[in-house]
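Q: Provided herewith is a single structure, encoded as structure tokens, for subsequent inquiry.
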Amino acid sequence: MGQRGDELRAEVVRVLRLSDGPRSAYDILKVLQTSNPKTAPTTVYRTLNGLMEVGLVHRLESLNAYVLSQTDDPDHQAILSICNDCGIVEETVAPEVLKTMVEAVGESGFAPSRHVIEVHGTCVDCSPDKQTS
């Protein structure tokens, strides 16, 4: 990737790092266009795809949004827990769960190429038990 590509990747990572939750590609585009109005949506999507390929960013399929990876292992497969109340996203790495899932779907001959595991619910800070104590 050229110098501008590297700069754009760094800018997208910065935008996600400074965000208080998941951001859509168009949210990211709006921020990037404040410093470079000619930034195009396809450029942002291409950059996000590149960041996903190297494990720095996750796409939240159910929200059509993106978050930074919370681990330093670019090859990990994450389980993403999304709070329905505050929107926080927590990342869990559980290789045994993913191995079991791949084996289960493989029994029918299905060969997964990627997995996205999202769990929606309530985080500990938003749980009713915590709010009443």
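Please treat every number below as a calculation from the coordinates, not as lab data. Model, not experiment: these values are computed from the prediction. Positions of Cβ are backbone-derived with ideal geometry, glycine not excepted, and every protein chain shown enters the neighbour counts.
Q: Using amide H atoms built in the peptide plane, which far-off residues or other-chain residues are under 5 Å from Ile88 H to H?
A: Counting only residues 5 or more places away or on other chains, the set is Cys83.
Q: What range in the chain is the longest one free of GluC sites (Glu not before Pro) that are in a loop by DSSP and have at most 12 other Cβ atoms within 10 angstrom?
A: No qualifying site falls inside 1-60, the longest such stretch.
Q: Still on this structure, I have one more. So what is the relative contact order of the chain, in percent, for Cα pairs below 8 Å that sit 6 or more residues apart?
A: Over the chain, the number comes to 20 percent.
Q: Give a residue-ordered list of calculated ³J(HN,Hα) values for the range 108-115 (Karplus: 6.51 cos²θ - 1.76 cosθ + 1.60, θ = phi - 60°; whole Hz; x for Gly, Pro).
A: Per-residue couplings from phi come out as 8, x, 6, 10, x, 9, 7, 10 Hz.
Q: Once the piece of chain linking Thr92 and Ser127 is laid out straight, how much longer is it, given 0.36 nm per residue of separation minus the C-alpha distance between them?
A: 10.7 nm
Q: Related question: Rank Leu51, Pro95, Gly106 by how far each Cα sits towards the positive end of the charge dipole of the chain (+1 on Lys, Arg Cβ; -1 on Asp, Glu Cβ) and give me just the farthest.
A: Leu51
Q: Can you give me the distance in nm between label points at Val116 and Met101, each placed 7 Å from the Cα along the Cα-to-Cβ direction?
A: Once both label points are built, they end up 1.2 nm from each other.
Q: For the chain, what is the calculated [θ] at 222 nm in deg cm²/dmol (nearest 500), taking -39500 (n - 2.57) for each run of four or more DSSP H residues and dividing by its residue count?
A: -13000 deg cm²/dmol
Q: Quick one: if you stick a label point 7 Å off each Cα along the C-beta vector at Glu7 and Asp72, how many nm between them?
A: The modelled label-to-label distance comes out at 2.9 nm.
Q: Of the labelled options [x] 1.00; [y] 1.08; [z] 1.03, which one gives Rg/Rh (Cα atoms, Kirkwood Rh) as computed for this structure?
A: Working out Rg/Rh (Cα atoms, Kirkwood Rh) from the coordinates points to [z].
Q: Please turn the phi angles of the range 36-51 into ³J(HN,Hα) values with the Karplus equation 6.51 cos²θ - 1.76 cosθ + 1.60 (θ = phi - 60°), one per residue in order, whole Hz, x for glycine and proline.
A: With coefficients 6.51, -1.76 and 1.60, one gets 9, x, 8, 4, 9, x, 4, 5, 5, 4, 4, 5, 4, 4, x, 5 Hz.
Q: Return the sequence-ordered ³J(HN,Hα) values of the range 70-78 in whole Hz as given by the Karplus equation 6.51 cos²θ - 1.76 cosθ + 1.60 applied to θ = phi - 60°, using x for Gly and Pro.
A: 9, 10, 8, 8, x, 9, 6, 10, 9
Q: Can you list residues whose amide H is under 5 Å from Tyr66's amide H, if they're 5+ apart or on another chain and H is modeled 1.01 Å from N?
A: Those lying under 5 Å, H to H, from Tyr66 are Arg23, Ser24, Leu60.
Q: Of Gly109, Gly55, Gly121, which has the largest mean-square fluctuation in a 10 Å C-alpha GNM of the chain?
A: So, out of Gly109, Gly55, Gly121, the one fluctuating most is Gly109.
Q: Additional query: Explain nothing, just the number: dipole magnitude of the chain about its Cα centre with +1 on each Lys and Arg Cβ and -1 on each Asp and Glu Cβ, in debye rounded to the nearest 20.
A: Roughly 720 debye, rounded to the nearest 20.
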